[in-house]
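The values are calculated or read from the model by the stated rules, or taken from the named source; none is laboratory data. Predicted model only: the values in this text are computed from it and were never measured. Glycine also receives a Cβ, built like all others from the backbone with ideal geometry; neighbour counts cover every protein chain displayed. Calculation scope for accessible area: heavy atoms of the full protein, side chains included, ligands and nucleic acids excluded. Shrake-Rupley method; radii C 1.70, N 1.55, O 1.52, S 1.80 Å.
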Amino acid sequence: MRARMVDWSKYNGKTNMKAAVEAFGLCGVMARCTIGHAYIDPYYYHNFQQARDLGILFGAYHVLRPQERQVAKEVAWFKKYMMFDGEPPDFAVGDCELPNKPEDWKLITPKEAGKVITATFYGMRDVLSIKVLGYTGSWWWNGADHLGPATPL
């Protein structure tokens, strides 16, 4: 049996988490907290509060912007905003998304992006006091033009 969790962000709007937990048997959620080193999801703290009120697992995720090559800034940004009333989430997630604009691929190759993503994962692991997970497709790690066979952190 697999744990049922969902990915929540501003695209879901201000949701009724209790209804979703009851309808789908969720044991937790992971909500987008930050992107890069300058964006905070406007519903993050609302989602954190709902998860705490329901007593379910709550994970905060950070969407990496590898083309910006700002590992330390991204990790510091996420660490600053992941807390809610002085409390950390139960776990953190590094969300590896490919640059979504064609012009961003002019700024970084897939292999370079993989190195930045790996450095960001290690940076999150080293400075956060909670478990850090990676959230990406396996094709990213195993693609010939990316990192090659995956190695766990």
Legend entry - Share, in percent, of DSSP beta bridges within the chain that are antiparallel, nearest 5: 10 percent
Inset, instruction - Quote the charge dipole size of the chain about the Cα centre in Debye, to the nearest 20; the model charges only the Cβ of Lys and Arg (+1) and of Asp and Glu (-1). - result: 40 debye
Legend entry - Protein accessible area in the chain, 1.4 Å probe - carbon and sulfur %: 56 percent
Inset, instruction - Could you pull out every one of the lysines with an alpha carbon less than 24 Å from that of Lys101, ignoring same-chain neighbours closer than 8 positions? - result: Lys10, Lys73, Lys111, Lys115
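May I ask you to give the solvent-accessible area per residue for the chain, in square angstrom, as obtained with a 1.4 angstrom probe? Intermediate results must be reported in sequence, preceding the final value.
Details: 8460 Å² over 153 residues.
For the chain, the per-residue accessible area is 55 Å².
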Inset, instruction - Count neighbours as other Cβ atoms within 10 Å of each site's Cβ, and list the GluC sites (Glu not before Pro) in the stretch 1-95 that are DSSP loop with at most 12 such neighbours. - result: none
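Within the chain, what is the longest stretch that has no trypsin sites (Lys or Arg not before Pro) placed in a DSSP loop and near at most 13 other beta-carbon atoms within 10 Å?
No qualifying site falls inside 15-153, the longest such stretch.
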Legend entry - Estimated vicinal HN-Hα couplings, Hz - the stretch 60-69 in sequence order (Karplus 6.51, -1.76, 1.60; Gly, Pro = x): 9, 10, 10, 8, 6, 10, x, 5, 8, 6
Inset, instruction - On the full set of protein chains, 1.4 Å probe, figure out the accessible area of Leu64 and give it in Å² to the nearest 10. - result: 10 Å²
